[in-house]
Amino acid sequence: MSYMRQILLIPHIKVHNANAQSSPYTIGFPAMTAWLGAVHALQRKLNQKGVDKALFKGVGVVCHEINLARYKGEGDFYYSIIGTRNPLKEDGKSPSFIEEARCDFDVSLTVEYQGVEQDQESEFAAQITKELYSGMKIASGDIVNFGKIESMKIIQEQDFKRLRRQLMPGYLIRERRDLMVQAMKEEGKDAIDALLDYLKIMHRSEKDENGKITWTSKRKESGWIVPIATGFHGLTELGKAKNQRDPETLHRFAESVVTLGEFIMPYRINSLDEMLWHYHTDLENNLYLCQQN
């Protein structure tokens, strides 16, 4: 490590009933916008409560356990979402509803920060604990519990290794946009074909000289590759919209940006930048992204 980096470890955050619909096309692990959004909301709360110089620069997400609310009955081929419903109407009929996938998870967050002096770190951790227990949500889910928050300085390699050990066992989510770029540039595929190409499982059979058939299953790329939502693409010009939540901020309609990610064990990474996600805005192409260096 060439310089000191300050890291905040919030271990084993247990969240109930979070939104598992990570994009309009995918259900599973919450979108990266949910994680960075929650940490940004926490920073804003701290700034309003007197910790005005605190700045959260990047977020790493390690999942220890996740349980999707789903059901598969006897003889069913597909799993079904276990949804919620509103009370019956006055005439006894069921009201209309939108299906929402929900999940419970246990996740550790590593947050790179600056603007907090060393003698303020214990008070800083105590204030974060208070804010997290004061009705904050992550991915629309309720925070049930979390471990002791720890501030650490990453200066030498052993400091990073210590952080890495504290995140085990678990799976770190990292960006694999490079696979999409490679397929689109070198193989001439469009985005959806490039995405699906890395998600599909190819089953093949081989017959030996004795007539015995052997089946193999393989993906294009080894590893736990998944689709992840990493931001938004603006569709309209900036302007005012009727009934918008914030009357002071310009509004624009947008669609989700979906790319590839990979779950890996933390011991497989060698630097903080392989772990941390941060915001990136590309106004020329109307992109608002969560990405890694």
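Just so it is clear, none of the values below were taken in a lab; they were calculated from the coordinates. What you see is a predicted model; the values in this text were computed from it and never measured. Here the Cβ positions follow ideal geometry from the backbone for every residue, glycine too, while neighbour counts run over all protein chains shown.
Structure data summary
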{"read-out": "Residues whose placed amide H lies under 5 Å from that of E65, excluding near-sequence neighbours", "value": "D106"}
{"read-out": "Most fluctuating residue given options E74, E131, E99, as computed from a GNM of the chain linking Cα atoms under 10 Å", "value": "E74"}
{"read-out": "D178 versus E117: modelled label distance in nm, points set 7 Å from Cα along the beta carbon direction", "value": "4.2 nm"}
{"read-out": "E74 paired with I192, simple spin-label distance in nm, labels 7 Å along Cα-to-beta-carbon", "value": "3.9 nm"}
{"read-out": "Residue-span extension gain [Q158 to D52] - 0.36 nm each, minus C-alpha spacing", "value": "35.0 nm"}
{"read-out": "Sites N145 and N286, calculated FRET efficiency, Cβ-Cβ separation with R0 45 Å, nearest 0.05", "value": "0.70"}
{"read-out": "Footprinting exposure proxy for F29, F105 (fewest neighbouring C-beta atoms within 10 Å first)", "value": "F105, F29"}
{"read-out": "Net length gained if the chain between E237 and S222 were fully extended (0.36 nm per residue, minus Cα distance)", "value": "1.3 nm"}
{"read-out": "For the chain, fraction of C-alpha pairs farther apart than 25 Å, in %", "value": "58 percent"}
{"read-out": "Packing-based exposure ordering (other Cβ within 10 Å, fewest first) of E255, E209", "value": "E209, E255"}
{"read-out": "For the chain, with +1 on Lys and Arg beta carbons and -1 on Asp and Glu, the positive-most of V181, G28, Q291 along the dipole", "value": "G28"}
{"read-out": "Under 25 Å from the Cα of K53 - lysines, other chains or at least 8 residues apart", "value": "K45, K130, K137, K148, K153"}
{"read-out": "Per DSSP, loop chymotrypsin sites (Phe, Trp or Tyr not before Pro) in the stretch 122-179 with at most 13 further Cβ within 10 Å", "value": "Y133"}
